[in-house]
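Have a look at the structure below, then the notes.
The values are calculated or read from the model by the stated rules, or taken from the named source; none is laboratory data. Being a predicted model, the structure only gives us computed values, none of them experimental. Cβ placement follows ideal geometry from the backbone for every residue including glycine, while neighbour counts extend to all protein chains displayed. The area values use the complete protein model at the heavy-atom level, side chains included, leaving out ligands, DNA and RNA. Shrake-Rupley method; radii C 1.70, N 1.55, O 1.52, S 1.80 Å.
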Amino acid sequence: MSKGFRMKPFHLLIVVAALFGSWPATASPAAPDANAIRARVNRELRVAAIAQKILAANLESCPRKSLQYGLGLARLDEASSPQLRVALTEALGLREYPTAFAVVPGSAGELAGIRAGDRIVAINGVKWPTGDGLDVSARKAFWDAFQSGQQSAVLQVDAQRGDQPFQFHLTGKPSCTASVVLINQSSENATTFGSRIEIHSALEALLQDDSELAFIISHEVAHVILEHTGPGKEAQIRDKVVRQRIEIEADELGVLLMARAGFDPAAAARAESRRYQKNGPVTRGLGLNGVYMPPKERDAFLARRADEVRLQLETEASDR
Ligand SMILES: [Zn+2]
């Protein structure tokens, strides 16, 4: 979430998309209803919460680190349709002023006490302008303060809940640098480019067990840590032999990353077999496992790796 943060409030859905992934591209021109908006944000929060645990627990392994706050702010945009404005207010409590619409469970924002629906009055002392005039530069200063503030260790947030003013001091959570987003895709897949990880919505829906989804995210985070993808690495991704090696490395490290974050490493094999079962009978019949190990082999590999990792963590714990 540290990357791709756009706050030009032309359209709220774009802001939501920039923060938490993309709004379903297939959404009809009619405004989504409040239930759909809430459901979507909850799914994005689920992905964000799991990702955040993995990224914070594996700090020592990461080549690049940054701070995470896990706080999404947005406001109703004047340009949105009246129906959309109503739905967004109903679903997320959004108004004309900046509002905390998403607070990632376990994040700095939640730990400090911010709740979804809180009105945000100022960030690091930079106030959202009040009054009738449309003070564009003051508004921009507020969003700039929110964005740049997340690069410093502490974020001071003045808020209002009902009539009650609050001041929150958020301490950023040191984490591996990666942005993990939910994107609207009907294939059960996840991809990584550089430090951007995209989890397809169909895969998130398939894996209702958090530990299973944690393996998928951990496998992708392993690609980020091992710097497998990104600009200049396109050729190696296309080379089948290299790619097979890369995928094994990501499985191997992925199981360790999820276990360090407190997820059951045995869920790795379960996640992959669930995904495999979802493949069509033709794909299964032909054994089209692409760059991955054949399913049975991969299953055994992940199960063995889970045992190894459990042992490793037990040994580390007893050495302390
Ligand atoms: Zn992979």
TODO: Keeping to the range 217-250, report how many residues are without any contact (Cβ under 8 Å) to a residue 12 or more places away in the chain, within 12 Å of the ligand (Cβ to nearest atom) and of a type outside the set (A, V, I, L, M, F, W, C).
DONE: 1
Task: Criterion (open to solvent by less than 60 Å² (accessible area, probe 1.4 Å), in contact (Cβ under 8 Å) with a residue 40 or more places away in the chain and not assigned by TED's automatic domain parsing to the domain that holds A205) met by exactly one of I114, I123 - done: I114
Open item on the list: Anything in the range 119-167 that is modelled with pLDDT under 95, among the small types (G, A, S) and closer than 22 Å to T89 by Cα? List them, or say none.
Closed with: G131, G162
Task: Criterion violated by L170 - all others in (1) at pLDDT 95 or above; (2) open to solvent by less than 60 Å² (accessible area, probe 1.4 Å); (3) within 16 Å of the ligand (Cβ to nearest atom) satisfied - done: (3)
